[in-house]
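All remarks here apply to the structure that follows.
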Amino acid sequence: MPRKFFRRYLPDSGSVRRHQRMQLFGRLLHDPNLWHLNRHSVAGGLAIGLFLAFMPMPFQMIPAAALAILLRVNLPMALAGVWVSNPLTMAPMLYFQYRMGKLLMGERIRETGFEPTLQWFWAELTLIWQPLLLGSMLCGMVSALAGYGFIHLLWRLNIRRHLRRRKEKRAARAAARRGETAAVSSDDRHRSSPSGPCAARGQDHGSP
């Protein structure tokens, strides 16, 4: 199921190569390892995408693609993971990361003048960059590890389910074969056993 699911919903190699921001990587995108759908490649790609999704930087797809190429993991999954951070989620994510960084640094959070907008974050970046970067690194690493583990768990559960279904099918086929064998044996015994009027006459002639 995971392989079929990801093949259905992830962008194909042709559309990724045609993407404007991906064309700068040129022939590097022809590496077949970037398109493999195994659990290590998919998990690695998702970990890269989720980590960079929490980094306060523009054009996150480009470093995500560069890391996927460098580590030879699934490129479409890395690009998909980056989109956890999007125009709707970016401001709340940055605020949460800023608060987390402040908490780790043991500093008070600036409440006055705060606006939950990207414009405020970029304008105040020189004052808040340290807690923001610290919180971003922490959230990125936790999310990357969680995503990596989730893919491995999903793959393992799918393998167990597949093996269980195959075992059940084998058991059903074996039971069906045993039933057929028992039916054939019963028919053979029925044919070989004496029965009917002829058998009764034979028994009469053989009696004293």
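What follows is calculated from the coordinates using simple rules that are stated; it is not laboratory data. Since the structure is predicted, the reported quantities are computational estimates derived from the model, not experimental observations.
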Residue by residue, what Karplus-based ³J(HN,Hα) values in Hz, rounded to whole numbers, does region 157-174 have, using 6.51, -1.76 and 1.60 with θ = phi - 60° and x for Gly and Pro? 4, 5, 5, 4, 5, 5, 5, 5, 5, 5, 5, 5, 5, 4, 5, 5, 5, 5
Which lysines, if any, have their Cα less than 26 Å from the Cα of K4, not counting same-chain residues under 8 positions apart? K167, K169
Report the semi-axes of the equivalent ellipsoid for region 1-115 in whole Å, largest first, where each axis is √(5λ) for an eigenvalue λ of the Cα gyration tensor. 32, 15, 13
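Taking Cα atoms of region 63-166, Rg/Rh with Kirkwood Rh, to two decimals?
Numbers: Rg = 18.2 Å, Rh = 16.2 Å.
My calculation puts Rg/Rh at 1.12.
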